[in-house]
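Some notes on the structure that comes next.
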Amino acid sequence: MKNYIKKLKDMPLYERPREKLSKHGPEYLKNHELLSIIIGRGTKKEGVLEISKKIIDHYGNLKYTGNINVVKIQKIFDLPFVASCQITAFFELAKRLFSDKGEIYLRNPKEVFEYAKEMSRSKKEIFKGLYLDVKNRLIYEEIISVGTINASLVHPREVFYPAIKHHAVSIILVHNHPSGDPAPSEDDIKITKSLLRASKIIEIEILDHLIIGNEKYFSLRERGII
């Protein structure tokens, strides 16, 4: 019986993490895609993307990486020694480089814009979720989709799963308009209202949806759309 393992060699070139990294840059890749480049290959049981997603889901926040070691990685994810060493070294390096940079608080649209304004340089639309705790402290962020933003790409499941996984209290949505004009499109408003309906059911608040243009932004909260 053939196993349903998603191997990189079976994927179109434009979907493979290395090719996406080379063509578009690291900001277009999701966290697990970046990690898959470091790991390099999967196992007979799982493809590298599946392994990477499990690891990011498990250790996606640097606060929880203090007890990572090679033996634990091998045991939890059933990985070979070399891959376990690579992953352990990756998280330790990330913790050393970034864990002492200070906490980030996003309390108003201007602070969100200052945090995410580099997105205005992108030639493609990037839709992100910024996940906050009860004090509006950023605890996680995730690229939800890359490309023309529409309802099929921005599904509530993709937005709210990281919030549940990382125990977020609220979410700020942010995406860019490569045209430079941050005014929301009909699709932007439609998607926002759809996610707002889902947020009421899940009880995780969407604080705002910020659209970033050329050195300016449009806050749907400030304009009364949210």
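Readers should treat all values here as calculations from the given coordinates under stated rules, not as data from a laboratory. Values in this document were obtained by computation on a predicted structure and should not be read as measured data. Heads up, the Cβs are rebuilt from the backbone with ideal geometry, glycines too, and the neighbour counts pull from every protein chain shown.
Mind scanning K54/K128; K23/K95; K23/K190; K7/K72; K23/K193 and naming the pairs with a C-alpha gap bigger than 22 Å?
K23/K95; K23/K190; K7/K72; K23/K193
How about segment 105-203: which trypsin sites (Lys or Arg not before Pro) there are in a DSSP loop, with at most 11 other Cβ atoms within 10 Å of their Cβ? Kindly include the intermediate steps, with their values, before the conclusion.
Details: sites: R107, K110, K117, R121, K123, K124, K128, K135, R137, R157, K165, K190, K193, R197, K200; in loops: R107, K123, K124, K135.
Answer in residue order: K123, K135.
Rounded to whole Å and ordered largest first, report the semi-axes of the equivalent ellipsoid of the chain derived from its Cα gyration tensor (root of 5λ). Intermediate values should be presented prior to the final figure.
Working: eigenvalues 196, 83, 57 Å².
Listed largest to smallest, the semi-axes of the chain are 31, 20, 17 Å.
What are the extents of the Cα atoms of segment 109-219 along their three principal axes, listed from largest to smallest and rounded to whole Å?
34, 28, 19
Given only helices, namely DSSP H runs of n ≥ 4 each adding -39500 (n - 2.57), what is the per-residue ellipticity at 222 nm of the chain, to the nearest 500 deg cm²/dmol? Let's see the in-between values first.
Working: 8 runs with 90 residues, N = 226.
Helices in the chain give a 222 nm mean residue ellipticity of -12000 deg cm²/dmol.
Using only the Cα atoms of segment 8-98, build the gyration tensor, take square roots of its eigenvalues as a ≥ b ≥ c, and label the shape rounded, prolate or oblate: rounded if a/c is under 1.5, else prolate if a/b is larger than b/c, else oblate.
Details: a/c = 2.27, a/b = 1.33, b/c = 1.71.
The shape class here is oblate.
Using the Cα centre of segment 8-98 as the reference point, and only Cβ charges (+1 on K/R, -1 on D/E), how large is the resulting charge dipole? Debye, rounded to the nearest 20. Mind showing how you got there, number by number?
Details: 16 positive and 10 negative charges, 30 e Å.
Charge dipole, segment 8-98, about its Cα centre: 140 debye, nearest 20.
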